[in-house]
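The values are calculated or read from the model by the stated rules, or taken from the named source; none is laboratory data. Since the model is a prediction, treat every value here as computed from it, not as a measurement. Here the Cβ positions follow ideal geometry from the backbone for every residue, glycine too, while neighbour counts run over all protein chains shown. Protein only, heavy atoms only, side chains kept; ligands, DNA and RNA dropped before computing areas. Shrake-Rupley method; radii C 1.70, N 1.55, O 1.52, S 1.80 Å.
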Amino acid sequence: MITKPTPLKQLPPDLDRERLPKHVAVIMDGNGRWAQRRGMPRIMGHRRGVDALKDLLRCCKDWGIEALTVYAFSSENWGRPLEEVNFLMTLFERMLRQELKEMMEENVQIHFVGNLEALPQSLQEEIERSTAATKDNEQIKFTIATNYGGRQEIVQACRAIAEQVRDGRLDPEAIDEAVFERHLYTSHLGDPDLLIRTSGEMRISNFLLWQVAYSEFYITDTLWPDFDRQAFHRALQVYQQRHRRFGKL
Ligand code: FPP
């Protein structure tokens with residue numbers, strides 16, 4: 001039996017494959033509001049947020065995007081009610097456990113960035129297991145920023161470089177942008193070409209501060225759980241209308 005293809009399974013024909021962003025980063029905001037507007041507890045928004053994320057990852061893979069990086073938990077998010085923090089930690093762990101098989105089948109390489117040592121032990125173990133299992137996959141790099149802060153990332157890079165200088169292993173004259181980037185959490189990735197933020201806030205919230213120097217920003221009022229393939233299609237249409245100059249004319 002011929003089944004109908006999933007809507008937008010293939011790259012929509014109005015998009016130019018040659019000019020797709022290679023690396024898309026996303027600030028997935030608005031889960032709490034999505035739930036509250038429906039009279040549900042905030043955690044239901046996070047649960048639906050996972051579904052939206054899974055579909056965006058599949059979509060990026062289907063459409064030929066090489067890297068997807070998402071902001072799942074900032075270093076400031078520990079200030080939320082304990083119940084919500086615990087729920088999120090359990091959600092991350094459960095998603096890794098449940099989705100590993102599909103990630104292997106879909107050839108997804110998983111990375112986590114952030115101060116991972118502060119995460120619950122069982123989550124750290126699941127992170128190690130999934131990153132080790134997927135390290136040779138090559139269809140798409142999927143990076144999850146967890147307990148991540150951009151300033152903290154820059155500070156830890158400075159510290160690592162300073163230690164090498166102190167030990168005589170690095171000449172200060174040799175420190176340039178490429179050396180610095182090798183000490184960031186994202187050394188496995190290029191910079192994002194496109195940064196998407198859902199739910200309308202016009203701020204960067206300490207995400208990838210160094211890496212977004214020349215990224216194109218796309219901000220939509222759509223709340224994260226409602227961000228579907230159509231919404232991503234619109235973001236890519238806008239991206240392809242932009243003229244990237246990287247500071248030049
Ligand atoms: C921001 O919405 C969202 C978060 C802090 C959590 C994001 C996490 C997910 C979407 C789940 C992803 C899962 C994995 C496994 C990576 P908010 O709660 O700040 O929304 P609000 O601004 O409406 O309150």
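Here are the numbers for the structure shown:
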{"item": "Output for segment 57-73, where each listed residue is near the ligand (Cβ under 10 Å from one of its atoms) and open to solvent by 10 Å² or more (accessible area, probe 1.4 Å)", "result": "57, 71, 72"}
{"item": "Scope segment 18-34; condition within 8 Å of the ligand (Cβ to nearest atom) and without any contact (Cβ under 8 Å) to a residue 60 or more places away in the chain; matching residues", "result": "32"}
{"item": "Exclusive hit being within 16 Å of the ligand (Cβ to nearest atom) and modelled with pLDDT of 95 or more, set 153, 201, 173", "result": "201"}
{"item": "Residue count, segment 229-249 (criterion: under 29 Å from residue 53 (Cβ atoms) and open to solvent by 70 Å² or more (accessible area, probe 1.4 Å))", "result": "4"}
{"item": "Residue list for segment 182-210, restricted to those being among the acidic types (Asp, Glu) and surrounded by fewer than 16 Cβ atoms within 10 Å (Cβ to Cβ)", "result": "201"}
{"item": "Unmet requirement for residue 218, which otherwise passes all of (1) among the aromatic types (Phe, Trp, Tyr); (2) in a loop (DSSP other than H, G, I, E, B); (3) surrounded by 18 or more Cβ atoms within 10 Å (Cβ to Cβ)", "result": "(2)"}
{"item": "Residue within segment 179-200 that is of a type in the set (Lys, Arg) and in a helix (DSSP H, G or I) present", "result": "yes"}
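Each row is one residue, and each column tells you yes or no for (1) among the hydrophobic types (A, V, I, L, M, F, W, C); (2) modelled with pLDDT under 95; (3) loosely packed, with under 14 Cβ neighbours inside 10 Å.
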{"residue": "78", "(1), (2), (3)": "yes, no, yes"}
{"residue": "89", "(1), (2), (3)": "yes, no, no"}
{"residue": "95", "(1), (2), (3)": "yes, no, no"}
{"residue": "101", "(1), (2), (3)": "no, no, yes"}
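Residue-by-condition table, conditions (1) within 16 Å of the ligand (Cβ to nearest atom); (2) within 28 Å of residue 90 (Cα to Cα):
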site	(1), (2)
135	no, yes
148	yes, yes
161	no, no
166	no, no
